[in-house]
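The values are calculated or read from the model by the stated rules, or taken from the named source; none is laboratory data. Not measured: the values here are computed from a predicted model. Cβ sites come from the backbone with ideal geometry, for glycine too, and all protein chains shown count toward neighbours.
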Amino acid sequence: MRFWRGILVGLVCVSLLIGCAKEIEEEFLLMDTFVLIRVRGGNTGLVEGAKRIMEGVDSLANPISGVIARMRGGRFVLPSRLRDVVGSALQCAEATNGAFDPTVLPLVEVWGWFSTPSVPDSGVLDSALALVDWKKIKLAGDTLIVPEGMGLDLGGIAKGFAVDEAVSFLMESGVEEGMVNAGGDIRVWGDRKWKIGVRNPRGTGIIAVVELENCAIATSGDYERFFMVDGKRYHHILDGKTGFPASSGLVSVSVIAPTSVLADAYATAVFVMGVNRGLAWLESQDSIGGIVCTEDGDVLYTQDLEGRVSILGGGEWK
């Protein structure tokens, strides 16, 4: 792994190498974030089709208003696309030994992340924590079995899944290259090398650029959603083993993977794992790379990113 001090990696933003062919793009609000679809070799009808696919994923997987929100304790027959989202979430939970856990919904609720966040009473927190265990969720074909009191929060993977579905549609429709960006969950395809900028989550501006080709990147960080109590930061990335926001010594994690589903889920998982375990896990994975930024102002990135990362600036923070 390569080490840098004082470089912050945060929510991903995009710049790209401009081609000579006409490009089509559309930006819209979905999943509580801005989505940008930019393609070359397509048309507005295909872009609209990709947008509708992403809206369809949101209608299924949104933890507040989607179909999944009503599946609390019981046996349910899933629409095929929702089955695929849930299946992907459980596979990522298994691959990360529960560092990514889609059953944290009771914890999300008692921390108030769907309304006004606050630190829950210890008894309430313990009761919610007892309902978190991805291994208790059963998916057999189209049938989902959820134990009483449990529920699924697919927020850590749904954006990535929606991006992948949109990209698959565009590629199958003959779009030769493009990019879909859902609030920093980005996937690019085609012959072009794309320049993906990362910004400072404790400040402003672009501080690093990663060159990507036919892959995805996603970022999880403690700056995205948080509140402060007596000088302590409480963020939304919850550890399913403790019930509290992950206290892993990290500020942010960016993961590069073949698909947005993997980049999305694994960024969350590595944040929960922490510096040493997270980096070791990333290095053990095929075709997966990552950049982790610590509370002490250090940044480390996996060996496979050597030569693909350009550092533009930085400074220490504590």
What is the one condition in (1) surrounded by 20 or more Cβ atoms within 10 Å (Cβ to Cβ); (2) under 22 Å from the mean Cα position of the chain (by Cα); (3) not in a loop (DSSP other than H, G, I, E, B) that LEU144 does not satisfy?
-> (2)
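Looking only at the stretch 95-124, count every residue that is of a type in the set (D, E, K, R) and crowded, with 19+ Cβ neighbours inside 10 Å and tell me the total.
Final tally of qualifying residues: 1.
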Kindly indicate whether GLY290 is within 16 Å of the chain's Cα centre (by Cα) and touching a residue at least 12 places away in the same chain (Cβ under 8 Å).
-> yes
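Restricting to the stretch 80-110, what's the tally of residues that are more than 20 Å from VAL255 (Cα to Cα) and free of Cβ contacts under 8 Å to residues at least 24 places away in the same chain? So that I can check it myself, show each step before the final result.
Here is the first cut: in the stretch 80-110, the residues more than 20 Å from VAL255 (Cα to Cα) are 80-84, 86-87, 103-110.
Remaining after also requiring free of Cβ contacts under 8 Å to residues at least 24 places away in the same chain: 82, 109-110.
Residues meeting the conditions: 3.
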Look at LEU139 and say whether it is touching a residue at least 24 places away in the same chain (Cβ under 8 Å), farther than 14 Å from ARG38 by Cα and in a strand (DSSP E or B).
-> yes
Hey, can you tell me all the residues within the stretch 117-154 that are touching a Phe, Trp or Tyr at 6+ places or on another chain (Cβ under 9 Å) and of a type in the set (Gly, Ala, Ser)?
-> SER118, ALA128
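Rundown of residues vs (1) hydrophobic (A, V, I, L, M, F, W, C); (2) outside the structural domain of VAL35 (by TED's automatic domain parsing); (3) at pLDDT 95 or above, yes/no style:
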| site | (1), (2), (3) |
| --- | --- |
| ALA50 | yes, no, yes |
| GLU55 | no, no, yes |
| SER59 | no, no, yes |
| LEU82 | yes, yes, yes |
| GLY87 | no, yes, yes |
Looking at this structure, is GLY174 more than 20 Å from VAL35 (Cα to Cα), in the same structural domain as VAL39 (by TED's automatic domain parsing) and not hydrophobic (A, V, I, L, M, F, W, C)?
-> yes
Please indicate, with yes or no, whether at least one residue in the stretch 249-267 is out of contact with any strand residue (DSSP E or B) (no Cβ under 6 Å at 6 or more places or on another chain), within 26 Å of GLY203 (Cβ to Cβ) and at pLDDT 95 or above.
-> no
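Rundown of residues vs (1) under 15 Å from the mean Cα position of the chain (by Cα); (2) of a type in the set (A, V, I, L, M, F, W, C); (3) more than 15 Å from VAL132 (Cβ to Cβ), yes/no style:
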| position | (1), (2), (3) |
| --- | --- |
| ALA61 | yes, yes, yes |
| ILE68 | no, yes, yes |
| ARG75 | no, no, yes |
| LEU78 | no, yes, yes |
| ASP84 | no, no, yes |
| ALA95 | no, yes, yes |
| ALA99 | yes, yes, no |
